[in-house]
Each structure stands twice: as structure tokens, then as C-alpha cells.
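The values are calculated or read from the model by the stated rules, or taken from the named source; none is laboratory data. Quick caveat, the model's predicted, so the values are computed rather than measured. Please note: Cβ atoms are built from the backbone with ideal geometry, for glycine as well, and neighbour counts cover all protein chains shown.
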Amino acid sequence: MKKNFSVTNYLIIFFSILSLTHAQVPTRTGWWKFDDAANITKAELGNALELVGVQEAVTGPSAENGATHIGVGSHYKMTHGIIPSPDTLVNEYTLQIDIRITQISSWHALFQTSAANSNDGDCFINPSEMIGVAATGYGSFSISPNEWYRLVVSVKNGVFYKYYLDGQLLLDGTVQAVDERFALDDILLVFADEDGEDNEIDCAELAIWNQALTSGQIKSLGGYGHELPMLDLQPADLWKFDYETNLTEAYYGSDLELVGLHSQVEGPTPTNKAVRIDAGSYYKTNHGISANGGGNFVNEYTLKFDFKVSELNKWRTFFQTDTTNASDGDCFINPDGQIGTATTGYGGYKILANEWYRLVISVKNGTHYRYYLDGQLLLDATAQSIDGRFALANTLILFGDNDGDDGVIDIAEAAIWDKAVSETEAAQLGGFGHNLTNGGSVEKKLVGRWTFDNPFNLLVSDGNGQPLTLEGSDEPMDGPTTTNYATRVGIGSYYTMNHGITANGGGFLVNEYTLLFDFRVPSIDNWHSFFQTNTGNVNDGDCFINTSGKVGVQATGYTEYAIIPNEWYRMVVSVLNGSQYLIYLDGNLALSGTVQQIDGRFALGSELLIFADENGEDDAIDCAELAIYNYALTSDEVAALGGYGHIISDVEESTGKLPSEFSLSQNYPNPFNPSTTINYSLPKASHVTIKLYDILGNEVAVIENEFKNAGYYKVSFDGSKLASGVYIYRMISNNYSSSKKLILLK
């Protein structure tokens, strides 16, 4: 294996190599800089803007960089010139808007895809100074008045919808459907809204591209120096390999540079893809971490790899500190399936072929060098010297080795931190459930249960889990039976649950779990919140009963069934981010909700708020039992839990009444193999088409195409001839259209 390099040798390499260039930004399709006060709307590239209303030239970020001031009711029409793709509208583009607001606590519209300005705007600064829109979500960062920001929105409908602020990822928004709300016609309105939510705003630069820029390209655009707060355990650089057309794109940080060959393959879940790196191939990354740890190089850092190998008996390499790839790699899987290198030694655990693992390497040269596998200490190796073999130059090679010890490996995520994570943090990062002590997996089980049967201590568990913590007030109530009591929690009060589940499902957070609520509401006149994943209770709740009595949230959809006041129900929410979001009532499936991304909105940190909402949508609710599992219960397991006897399925059809509106339901099951069912309703006789598209917007199947009378319908779809993957199905009938995502998993 590799011999130690001297500091001199490292310095020669460090100063002689060429650093990686920034990701080159493609040429803009349209560009407006507002520097000419006599001709504010002229274009640097593309067509001049068309003003609707009034504008005023104002001072911009610098003396040489002017700006325009747009007031309420005024906006620009942009004829962007981008060719529609894949069919009718523009579904891939990037917008850059350099903005400043002077007034706070009011709405500011940033752009509007309706050329007639007849709809709500499509991106706002809300009264809390957060950027986004309800359909995609809002970033958690609040901008400050009288300061300049560079907002970049990178869009590929059907694949991703991302907001960046000053070069940093602000929000990975809910994915939008091809040709739906956020697709562009040939005219885009900038700063427009149809109902006055377009307060005064200054703009110093506006640009549009005919492609979705990558994270690295957007990072190179820079901004105005604002640092967004980092999430807990957010890495400096993260690569997720989810986009087949750009596998080297960074989620955080700088894009990778490929040397050799790679291809996208299936990952741990249908929406968590992976890359297969061929033998002799590797990535270069300019990680951007400054020298630390008391030396001339990076001596403190952490690396993470989500990996799988198809067979053992070969060497695989994780990383290589020699930027010329002229030396041995610095961490291997040996032919026996053990991880390490000769200098540090190898862990005793042997990995299994065709299973996913999470490897975390925590490095603090001069102090420690530790390997963790699926959140557990694999090897506490001998500490290495400062600026010695495992110190990093500005460029790092991933999966490269100089002499062929780099066999084919699948990687679902790779990341680097500018610190050495602790044992507790490594455990929080979790993994894929392997138990290093006996080669098994984490036991699937009930981890917390609270029955509220002790009126003198409502917060105590039944022996599973820690006591709840109360914020506000609660009171004991009669429950479903004379021996089964309940608690009542009112507006502004909630419980904090420390659930004890380690990160799972392939992310940094808890992505797989099940919640159970035995509940009753006195009325449905107001909203009722079930839970809230934001532990600061500063966001909207994550599951509600709305004022129609239906259960859900906008991001997942709502049940067709409406809750009846003053009756007990058992609700089970089975979550596996990237694969499913299912709500059951009394053992019956009530909603197959829109699938959420790994580590997205419905992933859990170490704590979960029960019955909490930040703005009063948490009316009084009674609860007779609360439970949480560390895995997603199956439909059979949920059915075995039973409930209170309500019949949930086909409620509308059993009434004999015609539907009151057009609707398209989420397919079930989802994921499916090979067949699934789609429900839809028509309030009047209409022609119906339901078509299936791949994630690039290509039509792959026609599911329905005929005239139908008013009523409720079910249609089955057989996907046996299609490849596994994520697809979009779209229904059009009369003036109604709706799209949803389905997942075929063979």
C-alpha cells in the first residue's frame, strides 16, 4: 500500500497541480442589467423587456451596477425565445433575479407564468420574508430589507425544482409535473401578480437560460455574500447522483469532474438513484475546504459514502489523496469485504454483496482516524500525523487508485464535511440497518407508545419510549371505553416526542417510520394539526384535518373521506420517503399521498412535535393512544391494528351521488409491480385522456382515452412492459388537468 509522503512532497504536489476550474456557466438566453437609465428595458442578450405600468431607474448594488424600481401593479413581459420541450411548453429553464426590497411584512411577486396575469404569481417573497410558493414550499431563510440578494431558480419539471440564494441551495422544492403550473409559455411575466401581491421591488439583474443550471454552475454565479444557515450535519459538498442527464451535479458545493466512465443505476429506493463507477474510472472534486488542523493541508474532515458492491473477491477504492492518482488509494474494500487500508488496519466486519451500506470516515490528523458503518464504530484506527498521508490538498480523488485496485462500485451518495464528526453525530447519520455485532439488521419494532390512561401523569409512556414533554396545557378526558382514557390538547399546546429512531432510509434524517393516533375532534369548524416535523414550531404542520373534515396536507393531498365530529378513529401514517406516504383510517387505506423525497419535509430529526402548528391551525383534539414505529408498517400490519369500525373505502360511490368536481387520485399501490389502479371522477359527461410520461416528458403509454358519463371511475394500468422508474400520469378532461407521480419497482 501507499507509503507516507513527506510534507515537502505534498507541497510540491499542492503547488504544481492545476486546480479544478469552476463549473462553466452556459450562455444566457436572455440577460437584462438595467444599467442604462435612458433605456431601462434593453437587453444585453435576447429581446428587450416590455413594461406594463411604471418603472424608475435607481441605484443598484454599486455605482457601476444600476437597477430598476417596480411598484404595485407594474411588471415586465419577457419574450424569452426558448423552444418548448418536450412538447407544448418550456419545462426546463433557469431564472436569475437580483433583488432588493425596502418594505417588509408584505407580499412581493417575483414571476408569473400566466401571460395574461390571470393567476396567482409563481414565486413570492412572503410577509415573513421567505422565498417560494405554496406548491413548492418556502425556504426557511428570511431575507432582510434594503439588502441585495441573487435568487436563482433552476427548473426541470418532472425531475426537480430548486431555489438558490447567493449561490447556496435555499430549497429543494416539491417536484412539478411536465406542462403544469411552472412550465413557461413564450411570454413570462416578471414581478407580476393578479391580485396585488406584488409590492415594490428593485432589480439589478435579470437572466434566463434554456437549461437547468447545476449547483456548481449556480455557485460560480455568486451573489452578495449572505451565508444561509446550515442544517444540522449539512456537509460542505454532497453528491446524490439522482439526475441521469447530469450525474456529476452537486447537491451542495461544487460539481464533480469525471475521469473515465459511469452510468446511472437503481439506488436504495426508487427516488434515491445511484451511479456505477467503472473500473479505472474516478471523480475529481475541488472540495473548497481551507487548510485546517494546524498544518498546510486539510487535516480535519469527514467523508461519507453510501455504497453497494455486486460481488466480493475484488478490491474497491473509496478515495485517494494523491491528486495525480499516481499512488495507492487511501481507503479500500478488500477482497474479503473488510474496509480500511494497511496504514489504519481493517475493520473486523465483512460487508455483504448486493446490500447498501453507509461508510463514514472521521479524520482529525494528530488525534483520531475512525471508520463508522451504518452509524456504528467499525474501527478506531491509529491517528495519522498532521500533513501526513491522509491530509487533503485542494483536490480530492474519489474512487480512484493507481494500479487497478478500484473495481466497479455503486454509490448512492457521497459527501464531505470540514470537520471530524463525533461518534454521536456518526450515529445520527445512521445508514441501512446493518448490525455490526452480529451481521444482522436493526430490529423493526414499536419504539414509543403513550395511552394517556394515568390522569395524574398523562405524559408517561407504557414502557416503550421516553415520556412526552408538554408545551402549554392538556387535560384528561374520557376515551373510547370506560377503561381507555384520553388527553385533550388545545390551541397553542403540543407534545414533544423524543422518539429515539436513528437516521434511516438512506438519508441524514429518519425517513422511514409509522405514526398511530387514536383521535376524536369536537368539531371540524377549524383546522386540527396532528404533527409537525419542525422542532422550532415555526413552519406549518405536516398533517391536518381541514375544515371539510379531510385528512392530509397540500404536499401529499387529502383523503376523500371526511372525519365525523365526536367519533373515535385510528389513523396510521406509514412513511418511507422516496417510496410511499400512506394514511390509513380504521385499518383501511384512505390516502396514497404524493411521495416525498429523502430528507425532505416529512423526514424526522431527533424530536417530533405532536398536535403542533405555528399559526393556530391546531384546534382542540382528543387522543386516546399515540405510537411510533421505526419502520413503515405494511397494509396487513395496519389492518391487524384495526380501529373503530368506520368504512372508509368508496365512500362517495356508496352514496349514489355524482361527484361535485373533477378529480384524479394517487395510484395504488405505489410503488407497484406490475399493475396499479388509478381512480378519477367526472362531475359531467366528458372526454377523458390519461397519459403516462417518463421523467423526461416523453409519452410512454395511453391509459384512458374515451368519452365517459359523469361518475366515479377506476382504471388499471399494467406496467410489465416498462422499465423500473418514476413516471408522471396526466389526466385532461373538459378544462380540468392534473398530474401525479407513480413509481414502477420491479
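Below, the figures for the structure above:
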quantity: Residues satisfying the stated conditions in the range 292-314, i.e. under 22 Å from E266 (Cα atoms), modelled with pLDDT of 95 or more and among the hydrophobic types (A, V, I, L, M, F, W, C); calculated: F305, F307, V309
quantity: Checklist (1) within 30 Å of K273 (Cα to Cα); (2) part of a strand (DSSP E or B) applied to I501, failing item; calculated: (2)
quantity: Members of the range 360-372 that are surrounded by fewer than 22 Cβ atoms within 10 Å (Cβ to Cβ) and either among the aliphatic types (A, V, I, L, M) or not in a strand (DSSP E or B) (or both); calculated: G366, T367
quantity: Subset tally (residues that are of a type outside the set (D, E) and over 25 Å from P270 (Cα atoms)) for the range 412-425; calculated: 6
quantity: In the range 352-392, the residues that are farther than 18 Å from T341 by Cβ and among the hydrophobic types (A, V, I, L, M, F, W, C); calculated: L352, A353, W356, I386
quantity: Criterion: touching a residue at least 60 places away in the same chain (Cβ under 8 Å) and in the same structural domain as G549 (by TED's automatic domain parsing) - qualifying residue of N511, N457; calculated: N511
quantity: Counted residues, the range 688-727 - those being in contact (Cβ under 8 Å) with a residue 40 or more places away in the chain, outside any strand (DSSP E or B) and surrounded by 15 or more Cβ atoms within 10 Å (Cβ to Cβ); calculated: 4
quantity: Test: residue in the range 570-583 that is without any contact (Cβ under 8 Å) to a residue 24 or more places away in the chain and basic (K, R); calculated: no
quantity: Strands (runs of 3 or more DSSP E) lying entirely in the range 21-93 (those with 3 or more residues that are farther than 30 Å from G288 by Cα); calculated: 50-52, 55-62, 65-70, 75-79
quantity: Considering residues of the range 395-419 that are modelled with pLDDT under 95 and touching a Phe, Trp or Tyr at 6+ places or on another chain (Cβ under 7 Å) only, the residue surrounded by the fewest Cβ atoms within 10 Å (Cβ to Cβ); calculated: D405
quantity: Scope the range 573-591; condition of a type in the set (G, A, S), buried (at least 23 other Cβ atoms within 10 Å of the Cβ) and closer than 19 Å to G549 by Cα; matching residues; calculated: A590
quantity: Which listed residue is on the phi > 0 side of the Ramachandran plot, assigned to a loop (DSSP other than H, G, I, E, B) and of a type outside the set (A, V, I, L, M), from G295, G329, G280, G340; calculated: G280
quantity: Unique residue being more than 18 Å from the chain's Cα centre (by Cα) and of a type in the set (F, W, Y) when the list is F141, F160, F191; calculated: F191
quantity: The lone exception for K156 - which of (1) surrounded by fewer than 20 Cβ atoms within 10 Å (Cβ to Cβ); (2) modelled with pLDDT under 95; (3) in contact with a strand residue (DSSP E or B) (Cβ under 8 Å, 6 or more places away or on another chain) it fails; calculated: (1)
quantity: Residues located in the range 78-107, provided they are surrounded by fewer than 19 Cβ atoms within 10 Å (Cβ to Cβ) and charged (D, E, K, R); calculated: D87
quantity: Tally, over the range 195-239, of residues that are surrounded by fewer than 24 Cβ atoms within 10 Å (Cβ to Cβ) and in a loop (DSSP other than H, G, I, E, B); calculated: 22
quantity: Breaking point among (1) part of a loop (DSSP other than H, G, I, E, B); (2) closer than 19 Å to N286 by Cα, for D406; calculated: (2)
quantity: Answer residue from the range 458-498, given it is part of a strand (DSSP E or B) and more than 24 Å from S523 (Cβ to Cβ) and is farthest from the chain's Cα centre (by Cα) among those; calculated: T469
quantity: Test result for L258, without any contact (Cβ under 8 Å) to a residue 40 or more places away in the chain, at negative phi and not assigned by TED's automatic domain parsing to the domain that holds T94; calculated: yes
quantity: Some residue of the range 420-443 being in contact (Cβ under 8 Å) with a residue 12 or more places away in the chain, buried (at least 19 other Cβ atoms within 10 Å of the Cβ), assigned by TED's automatic domain parsing to the domain that holds L626 and part of a strand (DSSP E or B); calculated: no
quantity: Pick from the range 662-687, criterion without any contact (Cβ under 8 Å) to a residue 40 or more places away in the chain and outside any strand (DSSP E or B), ranking: surrounded by the most Cβ atoms within 10 Å (Cβ to Cβ); calculated: P683
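Residue-wise test of (1) outside the structural domain of R370 (by TED's automatic domain parsing); (2) aliphatic (A, V, I, L, M); (3) under 28 Å from A427 (Cβ atoms).
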{"position": "E266", "(1), (2), (3)": "no, no, yes"}
{"position": "D278", "(1), (2), (3)": "no, no, no"}
{"position": "G294", "(1), (2), (3)": "no, no, yes"}
{"position": "E300", "(1), (2), (3)": "no, no, yes"}
{"position": "V309", "(1), (2), (3)": "no, yes, yes"}
{"position": "C331", "(1), (2), (3)": "no, no, yes"}
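To keep it simple, each residue is scored yes or no on (1) more than 26 Å from N577 (Cα to Cα); (2) in contact with a strand residue (DSSP E or B) (Cβ under 6 Å, 6 or more places away or on another chain).
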site	(1), (2)
S681	yes, yes
T689	yes, yes
L692	no, yes
E706	yes, no
S724	no, yes
I728	no, yes
M731	no, yes
